[in-house]
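Read through the structure below, which is laid out as structure tokens, and then see the notes.
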């Protein structure tokens, strides 16, 4: 049995924090990752921050809804796709050694956890009368 409220809240907080950070401190993030700040990279991080924050708000407002199976399928599918594709990109980067970093390894770990959680929610039926929804 999956507690989808916990999954939705966790993903909302995670993406909300990334969204705020990418929107307001992109230059500091780039410096911490050892990247040169360019206007284009700063803009791309800020736009990514806007997307993260929008997804966070969507998950936050839907955290009390029944999710799984056919219920809120677009929401679970969108989250699953985001976290699965993000996991693959982060793991590929770590394995190739292009951007080895403890921060990226931590992000990859969280992305894999969220991908597994949303995959489980997407491909299982939420069941009837479950008190944790």
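The values are calculated or read from the model by the stated rules, or taken from the named source; none is laboratory data. The shown structure was predicted, so the numbers you read here are calculated from the model rather than taken from an experiment. Every residue, glycine among them, receives a Cβ derived from its backbone with ideal geometry; neighbour counts consider all protein chains shown.
Being in contact with a strand residue (DSSP E or B) (Cβ under 8 Å, 6 or more places away or on another chain) and either at pLDDT below 95 or more than 16 Å from residue 109 (Cα to Cα) (or both) is not true of residue 93.
Being touching a strand residue (DSSP E or B) at 6+ places or on another chain (Cβ under 8 Å) and within 20 Å of residue 9 (Cβ to Cβ) is a property that holds for residue 65.
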